[in-house]
Amino acid sequence: MKSALYKKGMATRRKVMGDAHIAKRQASNDKYTRQQNEFATEYAWGGFWSRPELPLKIRSLVTIAMLAALDRPDELRGHIRSALNNGATPDEIMEVFHHATVYCGFPAASGAVRLGVEVFKELGLL
């Protein structure tokens, strides 16, 4: 049986990332990936994303800023989509990446901009 924190995390994760993302993550057939997904759902999504002090839109914008700074396109793509799900506009997302140029440098921020444009095109927003 899953903990209350896991259930809270799954509800938040589903709301932020969408059903397709959840289905893809749950389709894993190895125990290690399953364990990692359960850990992320319980602690990251249940423990932090579910906190009421910041609205989900702001959490998404902060997250994409940090992922841009870390130059993590593997995670950034999904969180760009989730930022849109949470009410951020393409212009707001790009402003975060442009702002990141000053603090993270051109290579990381430029990569984030390119990835954002790809996601916006995939979603028919450009």
Practice item. Hey, could you check the range 54-91 for residues that are of a type in the set (A, V, I, L, M, F, W, C) and outside any helix (DSSP H, G or I) and say which is nearest to Ala109 (Cα to Cα)? Key: Ala88
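For every residue, the table says whether it meets (1) surrounded by fewer than 20 Cβ atoms within 10 Å (Cβ to Cβ); (2) at pLDDT 95 or above; (3) within 13 Å of the chain's Cα centre (by Cα).
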residue: Asn29; (1), (2), (3): yes, no, no
residue: Thr33; (1), (2), (3): yes, no, no
residue: Gln36; (1), (2), (3): yes, no, no
residue: Ala40; (1), (2), (3): yes, no, yes
residue: Trp49; (1), (2), (3): no, yes, yes
residue: Pro55; (1), (2), (3): yes, yes, no
residue: Ser60; (1), (2), (3): no, yes, yes
residue: Ile64; (1), (2), (3): no, yes, yes
residue: Leu67; (1), (2), (3): no, yes, yes
Review point. Are any of the residues in the range 71-88 farther than 20 Å from Leu56 by Cβ and either touching a Gly at 6+ places or on another chain (Cβ under 9 Å) or in contact (Cβ under 8 Å) with a residue 24 or more places away in the chain (or both)?
Key: yes
Check your understanding: Just a yes or no: is a residue in the range 5-18 closer than 22 Å to Leu56 by Cβ, free of Cβ contacts under 8 Å to residues at least 60 places away in the same chain, exposed (fewer than 12 other Cβ atoms within 10 Å of the Cβ) and not hydroxyl-bearing (Ser, Thr, Tyr)?
Key -> no
Check your understanding: Going by the conditions given, is Arg51 assigned to a helix (DSSP H, G or I), under 17 Å from Asn86 (Cβ atoms) and of a type in the set (D, E, K, R)?
Key -> no
Exercise for review: Determine whether Ala44 is outside any helix (DSSP H, G or I) and either surrounded by fewer than 14 Cβ atoms within 10 Å (Cβ to Cβ) or under 15 Å from the mean Cα position of the chain (by Cα) (or both).
Suggested key: no
Practice item. Kindly establish whether Glu75 is closer than 15 Å to Gly116 by Cβ and either at pLDDT below 95 or of a type outside the set (A, V, I, L, M, F, W, C) (or both). Key: yes
Check your understanding: What do you reckon, is Ser60 among the polar types (S, T, N, Q) and either touching a residue at least 24 places away in the same chain (Cβ under 8 Å) or farther than 28 Å from Met1 by Cα (or both)?
Key -> yes
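The values are calculated or read from the model by the stated rules, or taken from the named source; none is laboratory data. Small disclaimer: the values here were computed from a predicted structure and weren't measured. No Cβ is skipped: glycine too gets one built from the backbone with ideal geometry, and neighbour counts run over all protein chains shown.
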